[in-house]
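Enquirer: Got a structure for you, questions after.
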Amino acid sequence: MSELLEQSTSRRAFVQQMALSAGALMVSGAWQFAFASDERALLDGVRDACARLAPLGWRRMLLDVTGGGLDIAAGDLAEQLARPLRIDRRHPGFGDFSARGTRGIEAGAPDRSLLYHAFASPTVVAGRGGAALRGFPTLAEIEAVENYVYGVRPPTLESLRARASGKPLAIVVFALQYRNTPNSVHGRHAELCFSRTGIARIGTVGPLYNARTRSFEAGDPERPFEFRVVPQRFAAYVAMQARGEEENFGPQDRLEGDEKLSFWVPLHKLFNGRECIAGRDIALEVSRDLRNDSLAQFHRWLDLNGYQNNWRGEHLEQFPFLIRNERIASFSSRPDFGTGIIEPRPAPLANVAEYQGRRLSYPVDPAFSGDPANLAFSSAQVLPGAPTESPAYMYDTAQETQRPAPEYLNLRHRVLPGDSVENLNLRPDMMEVIRAGDYQAQHHVDYVGDGWVEARCGGLEAEIPTRIPAYAVVAPPDFFPKVSQRDLMNWWKRDVPVPVRDALWAIPPLTLSQTRIAANVTLPINFSINDTTVTALVTHPAEGGGPVQAPNGPLPEELTGLPDTSPGLFDPGWDTSQGIVFSDPDTPLQKFLAGYGLGAPFVEDAKLCAAYGNYWPGVSPDATRTFQPGKTLGGILYPWPSIAPLTDEEIGIVPSAGGRYMPWDGVRGPTVRTVNGRRMAAYPDARRVDYLDTPGTLTAALTSRVGFDEYTARVMAMSRVYWSLGIHDPEIERKHRGSIDPDTKLPDGHEKAMIEIMRLKSAWAVRSFLPVAARDAGLVAAERAAGARLEGPRRYRFEVFRWGEQTTDPQDMRVVLVEMRETAEVYVGGDTVLIRRNEGPWKRDTSIPTS
């Protein structure tokens, strides 16, 4: 903790001097930096940072890396940084420093600047002998070195035009992050990576920057029920517009057709003063505008569809119908953070909405709530065209459904005369009251949102008038910060056996950066519906060549802020949602990102999305096993299979260390009881569990410990269980190959196979799931009986059952009793499964393909 909170006198002096010399002012929500006439040189900021870090092990370490060639404590620091060096990349932390880098500072090239790599790379934490460095750079110090890289030999505007070779130039804002191999754009060496989409995350307490890992902490071990806000950094660049060039600037994970799309590519960073661009005195103003208009969109939707509505017109421009700027996030004023850091405002994850001094509510129209198709469990579902006749597991796989307003809203808190509230969850006739409607439901809000970050550049606007803003997302918390969506995508593509891959999820587990989609075109900044590369990751031009270099220091487990770590799916929409533009019958459907499509508030979305599980493969909690397997969607019984199961500890069936129950959502999972001689699973009723009634119980204390290897091991273990139960995906595919869809008259075998696979998997519920040790008594007995040993680093025990009748517990309306018709106990380790059904003999199963 001392590394995180280190506040030496020299460091305070450095950041205070940086802030004072920059003259940072907040003007209408924008940071404007106006340097005084006696402005400090960029080198002075670098010198101050080096002077602070040198005695903390950095001078010795950099001398060692360069064979004595770079002394950051020397008086001639500029000369030290400019001279050619012999760099030992075997030194811990420098293995993936670009092979083309030969200097401490390479003008205009952060990836080839040794000092920048040392400051910005989380792999640089120790000397050659393993002795830990005793301090680490702040974000402001990293920024000081970064600015010096671009300003040590400032380019002329003419030279930037020459680099662009006639391509259009603009002042473009990017979210940015220095990434190690293999998470960089090209995956060959460490690179400064850029996207025009940046993602910050809400939380209940303020941010904590971990200087050792060069990242923000998402949680607080001392306060397991709190979430730290996670800021995101943005910066302005002169950029060129170019067609995709994988070997040049990217994009990362190129898609077919990218060579025909236009990407904005950063050429040169913009900052204040005379050292940015030769012959110019740059005055940079970076502003942000963030908004959450979920409630406004919902009330517009009520009018549009002819439902009862109590708020419209000018009211919808007021808080909390429209939540803006400081209520969501601001540019951080913390000197240690430097400039351009969007920092969300801490707040509870769900808040009672008030307006004009009273509770804010909306009318529950029976024309809406009386239609079962408009309800998900006991929540309002604003999702046009949802299936209503039978489970259609492949519905919306094309992701073409509009989200015109928050997809889910809570309608179980009835506002009574006098502003008192009745909690409908406590009424036996709750569903009848909801369907009857004609009451006022309490609105709730959170402080997620989306918007833009834009830059104006005095001294350049006449020559480069075009300004391109970044799309800024302030998203919900990440319950699996150590599991990257891109890692999951690449694992699925490369490592999952081919016969298992297609049916593992309903659709591929792509990242948001793999989604060619426009930013929110409803925002007043006028994002273009045709600008579909806003989430792509790129890097500087001509930085992609060279050998693949392996990192040789600790890689960060938590990569946040850029779209490759975020799911690219919008059902569920954990980070953002989607809107659709129908411009012309002859024009292909066009989509855009839209934060207002998430549930209102987020926790309503969290419950429903988690209860449906990882059927849509976003890295988020799979709570299918917390609630009864036969869930209700659109008025029909709609079970979902478990894909990435949470453990008994993570859903509160068993206590955590110390005897405390710590379910991720505050809801303890099922128990087993005998009723009238029948074995029954007793579940919390998904219809009556309301996350708004349990404030402060959500926690990522357990799920945040889950790393990528553990997460994917769970996915494959669950798949092996299904195979051991006889659900063999390729056999089902072959059964349906060549079948004809009666509606389209076209072959639709894969879709029919997927529907059957999902149905067969959903017929089995996971009652218990937990890791076991190699010498666990139950496992040893099963191995002895089956004559087989489990191998591999992880072993799991499952208890699954084929479920039957579901009834409300006559003693507790909040509990659903589910008949356990057939049971199976399963141990999984490596490629081997040990299974016994209905207390029968143990058998070994190796049916699942391994390649």
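The values are calculated or read from the model by the stated rules, or taken from the named source; none is laboratory data. This is a predicted model, so every value here is computed, not measured. Cβ sites come from the backbone with ideal geometry, for glycine too, and all protein chains shown count toward neighbours. Please note that ligands, DNA and RNA were not included when accessible areas were found on the heavy atoms of the full protein model with its side chains. Shrake-Rupley method; radii C 1.70, N 1.55, O 1.52, S 1.80 Å.
Enquirer: Counting only residues 5 or more places away or on other chains, whose amide H sits under 5 Å from the amide H of VAL619 once H atoms are built in the peptide plane?
Expert: When sequence neighbours closer than 5 places are left aside, there are no close amide H contacts.
Enquirer: Report, in degrees rounded to the nearest 10, the 0 to 90 angle that the Cα long axis of helix 42-53 makes with the longest principal axis of the chain.
Expert: Between helix and principal axis, roughly 70 degrees.
Enquirer: Among 531-538, 782-789, 648-655, how do they line up from the highest to the lowest mean number of other beta-carbon atoms within 10 Å?
Expert: Numbers: 531-538: 24.4, 782-789: 16.4, 648-655: 21.2.
My ranking of the peptides, most packed first, is 531-538, 648-655, 782-789.
Enquirer: Once phi is turned into θ = phi - 60°, what whole-Hz ³J(HN,Hα) does the Karplus curve with 6.51, -1.76 and 1.60 give for every residue of segment 812-817, x standing for Gly and Pro?
Expert: Working through the residues one at a time gives 7, 5, 7, 10, 10, 9 Hz.
Enquirer: Still on this structure, please answer the following. I'd like to know which of THR697, GLY677, SER656 lies farthest towards the positive end of the charge dipole of segment 643-720, counting +1 on Cβ of Lys and Arg and -1 on Cβ of Asp and Glu.
Expert: The residue sitting farthest along the positive end of the dipole is GLY677.
Enquirer: Leaving out ligands and nucleic acids, note down the accessible area per residue over segment 396-508 with a 1.4 angstrom probe, in whole Å². Don't skip to the answer; put the middle values down first.
Expert: Working: 3680 Å² over 113 residues.
I get 33 Å² per residue for segment 396-508.
Enquirer: If each of GLN356 and ARG456 carries a label point 7 Å out from its Cα toward its Cβ, how far apart are those two points in nm?
Expert: Placing both labels 7 Å along Cα→Cβ, they lie 3.6 nm apart.
Enquirer: Which of VAL483, VAL286, ALA436 sits farthest toward the positive end of the charge dipole of the chain, with +1 on the Cβ of Lys and Arg and -1 on the Cβ of Asp and Glu?
Expert: Going by the Cα projections, it comes out as VAL483.
Enquirer: So what's the back-of-envelope 222 nm ellipticity for the chain, counting only DSSP H runs of four-plus at -39500 (n - 2.57) apiece and dividing by all residues, rounded to 500?
Expert: Working: 18 runs with 168 residues, N = 851.
It comes out at -5500 deg cm²/dmol, rounded to the nearest 500.
Enquirer: Output the pairs from LYS482/LYS752; LYS493/LYS752; LYS493/LYS607; LYS735/LYS843; LYS761/LYS843 with a Cα-Cα distance over 31 Å in this structure; if there are none, say none.
Expert: Details: LYS482/LYS752 35 Å; LYS493/LYS752 23 Å; LYS493/LYS607 29 Å; LYS735/LYS843 27 Å; LYS761/LYS843 20 Å.
From LYS482/LYS752; LYS493/LYS752; LYS493/LYS607; LYS735/LYS843; LYS761/LYS843, over 31 Å: LYS482/LYS752.
Enquirer: On a straight-distance basis, which lysines could pair with LYS269 in a cross-link, Cα separation under 24 angstrom, same-chain partners fewer than 8 positions away excluded?
Expert: LYS269 reaches LYS167.
Enquirer: Right, another one. Using a 10 Å cut-off on Cβ atoms, rank the peptides 309-321, 763-775 from the highest mean neighbour count down. The partial results should precede the final answer.
Expert: On the way: 309-321: 15.0, 763-775: 18.4.
For the peptides 309-321, 763-775, the packing ranking is 763-775, 309-321.
Enquirer: I'd like to check one number: the per residue accessible area of segment 625-779, probe 1.4 Å, reported in Å² as a whole number. If you can, show how the numbers build up before the last one.
Expert: Values: 6020 Å² over 155 residues.
Here the per-residue accessible area is 39 Å².
Enquirer: For a quick check of your reading of the filter: which trypsin sites (Lys or Arg not before Pro) in segment 199-259 sit in a DSSP loop and have no more than 14 other Cβ atoms within 10 Å?
Expert: Numbers: sites: ARG201, ARG212, ARG214, ARG228, ARG233, ARG243, ARG254; in loops: ARG212, ARG214, ARG254.
Sparse-neighbourhood loop trypsin sites (Lys or Arg not before Pro): none present.
Enquirer: Counting Lys and Arg as +1 and Asp and Glu as -1, each charge on the Cβ, what is the dipole of segment 268-334 about the Cα centre in debye, to the nearest 20?
Expert: Values: 10 positive and 9 negative charges, 49 e Å.
I would put it at about 240 debye.
Enquirer: Could you sort PHE582, PHE194, PHE225 by their accessible area in this structure, using a 1.4 Å probe and putting the largest first? Before the final figure, lay out the partial values.
Expert: On the way: PHE582 155, PHE194 0, PHE225 55 Å².
Result, largest first: PHE582, PHE225, PHE194.
Enquirer: While we're looking at this one, here's another question. Can you give the FRET efficiency for TYR661 and SER851, using 1/(1 + (r/R0)^6), R0 = 41 Å, r = Cβ-Cβ distance, to the nearest 0.05?
Expert: Numbers: r = 41 Å, r/R0 = 1.00.
Once rounded, the FRET efficiency stands at 0.50.
Enquirer: Quote the charge dipole size of segment 190-313 about the Cα centre in Debye, to the nearest 20; the model charges only the Cβ of Lys and Arg (+1) and of Asp and Glu (-1). Before the final figure, lay out each step's value.
Expert: Values: 17 positive and 18 negative charges, 87 e Å.
Approximately 420 debye in magnitude.
Enquirer: For segment 55-117, state which trypsin sites (Lys or Arg not before Pro) are in a DSSP loop and have at most 14 other beta carbons lying within 10 Å of their beta carbon.
Expert: Numbers: sites: ARG59, ARG60, ARG86, ARG89, ARG90, ARG100, ARG103, ARG112; in loops: ARG86, ARG89, ARG90, ARG100.
The qualifying sites are ARG86, ARG90, ARG100.
Enquirer: Further, regarding this structure: Mind checking the full-extension length gain between SER420 and ASP502? Use 0.36 nm per residue of separation minus the Cα-Cα distance, one decimal, nm.
Expert: 24.4 nm
Enquirer: Hey, another quick one. Using alpha-carbon positions, what is the distance between the centroids of segment 487-560 and segment 311-382, in Å?
Expert: One Cα centre to the other: 29 Å.
Enquirer: Given Cβ point charges of +1 (Lys, Arg) and -1 (Asp, Glu) and nothing else, what value in debye, to the nearest 20, does the dipole of the chain about its Cα centre take? Intermediate results must be reported in sequence, preceding the final value.
Expert: Values: 93 positive and 104 negative charges, 388 e Å.
Rounded to the nearest 20 debye, it is 1860 debye.
Enquirer: Solvent-accessible area per residue for segment 33-173 at a 1.4 Å probe radius, Å²? Display every interim value, and only then the final one.
Expert: Values: 5110 Å² over 141 residues.
Value for segment 33-173: 36 Å² per residue.
Enquirer: Same structure, new question: Based on alpha-carbon centroids, what's the gap between segment 761-793 and segment 73-150 in Å, whole number please?
Expert: For segment 761-793 versus segment 73-150, the Cα centre distance is 49 Å.
Enquirer: For the charge dipole of segment 514-648, defined by +1 on Lys and Arg C-beta atoms and -1 on Asp and Glu C-beta atoms about the Cα centroid, which residue among PRO567, GLY613, THR535 has the Cα displaced farthest towards the positive pole?
Expert: About the Cα centre, the residue reaching furthest to the positive side is GLY613.
Enquirer: List, in order, the whole-Hz ³J(HN,Hα) value for each residue of segment 337-347 obtained from phi through the Karplus relation with A = 6.51, B = -1.76, C = 1.60 and θ = phi - 60°; use x for Gly and Pro.
Expert: 7, x, 10, x, 8, 7, 10, x, 8, x, 6
Enquirer: Calculate, in nm to one decimal, what ASN838 and ARG435 gain on full extension: separation in residues at 0.36 nm each, minus their alpha carbon distance.
Expert: Numbers: separation 403, 0.36 × 403 = 145.08 nm, distance 4.10 nm.
That pair, ASN838 and ARG435, stretches by 141.0 nm at full extension.
Enquirer: Roughly how far apart, in whole Å, are the Cα centres of segment 236-261 and segment 644-694?
Expert: Spelled out, the Cα-based centre of one part sits 48 Å from the other.
Enquirer: With just the Cα atoms of the chain, tell me how far they stretch along each of the three principal axes, in Å, largest first.
Expert: Here the spans come out as 86, 70, 56 Å, largest first.
Enquirer: Between GLU317 and GLU79, what is the spin-label point distance in nm, taking each point 7 Å from the Cα along the Cα→C-beta axis?
Expert: Label-label distance for GLU317 and GLU79, simple model: 6.4 nm.
Enquirer: Further, regarding this structure: Please compute the modelled spin-label separation between LEU63 and THR671, points set 7 Å along Cα→Cβ, answer in nm with one decimal.
Expert: It is 6.6 nm.
Enquirer: Would you mind calculating the gained length between ALA542 and ASN305 on full extension (0.36 nm times residue separation, minus the Cα-Cα distance), in nm to one decimal? It would help to have the intermediate numbers written out before the result.
Expert: Details: separation 237, 0.36 × 237 = 85.32 nm, distance 5.25 nm.
Full-extension gain reported as 80.1 nm.
Enquirer: A follow-up question, please. For ALA170 and GLU731, FRET efficiency with R0 = 45 Å and r from the beta-carbon atoms, rounded to 0.05?
Expert: 0.25
Enquirer: Using a 1.4 Å probe on the protein chains only, how many percent of the accessible area of the chain belongs to carbon and sulfur?
Expert: Values: 15620 of 31320 Å².
Exposed carbon and sulfur together represent 50 percent of the surface.
Enquirer: Please work out how much accessible surface ASP487 shows to a 1.4 Å probe, ignoring ligands, DNA and RNA, in Å² rounded to 10.
Expert: Accessible area of ASP487: about 50 Å².
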